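The structure under discussion appears below in the form of structure tokens.
The values are calculated or read from the model by the stated rules, or taken from the named source; none is laboratory data. As the structure is a computational prediction, the values presented were derived from the model and not from experiment. As a convention, Cβ positions derive from the backbone with ideal geometry for all residues, glycine included, and neighbour counts pool all protein chains shown.
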């Protein structure tokens, strides 16, 4: 359920631990915000059109957020990402059924040459942070990560398998 209130967008995921949303575009302008009220669950956001995602405002979640855009993802200097669970930003794709089923091992793969760039702040109070792209150039300002979860990882791979017991790249 989507609710807009001025410059804020609330994405509520009641009664479900996992949700999948396909967006034509997904960007957050400066002084705008998106809040995922997904409990301790997870929301997969896949961008299907041909433009990169720019996070210049605030992206918040009570649970985990996966942002997939094969055209690239930029968390700009004014961008803030804060999740209660895992945050994954990637140019690789993930099967909906594997995500929705809560499979222990999730395989992300693809041929995108786009980047994941962080110039803002990314924090997770109860999960991991993963930034995954297939190729360089890739930029991450590591001093801008406020990490309280288990691990923070940057990966370059054409295929990435995330297993809650371990993560590996190919």
May I ask you to list the residues in the range 81-117 that are part of a strand (DSSP E or B), more than 11 Å from the chain's Cα centre (by Cα) and within 16 Å of residue 26 (Cβ to Cβ)?
93, 94, 117
From 97, 103, 93, which residue is farther than 18 Å from residue 2 by Cα, surrounded by fewer than 20 Cβ atoms within 10 Å (Cβ to Cβ), out of contact with any helix residue (DSSP H, G or I) (no Cβ under 9 Å at 6 or more places or on another chain) and free of Cβ contacts under 8 Å to residues at least 12 places away in the same chain?
97
Going by the conditions given, is residue 134 more than 15 Å from residue 11 (Cβ to Cβ), more than 14 Å from the chain's Cα centre (by Cα) and crowded, with 20+ Cβ neighbours inside 10 Å?
yes
Just to be sure, is residue 72 on the phi < 0 side of the Ramachandran plot, in contact (Cβ under 8 Å) with a residue 40 or more places away in the chain and either touching a strand residue (DSSP E or B) at 6+ places or on another chain (Cβ under 8 Å) or surrounded by 14 or more Cβ atoms within 10 Å (Cβ to Cβ) (or both)?
no
Scan the range 8-47 for residues that are modelled with pLDDT under 95, surrounded by fewer than 17 Cβ atoms within 10 Å (Cβ to Cβ) and assigned to a loop (DSSP other than H, G, I, E, B) and jot them down.
14, 15, 16, 17, 40
Check whether at least one residue in the range 54-65 is in contact with a helix residue (DSSP H, G or I) (Cβ under 6 Å, 6 or more places away or on another chain), surrounded by 19 or more Cβ atoms within 10 Å (Cβ to Cβ), assigned to a strand (DSSP E or B) and touching a residue at least 40 places away in the same chain (Cβ under 8 Å), and report yes or no.
no
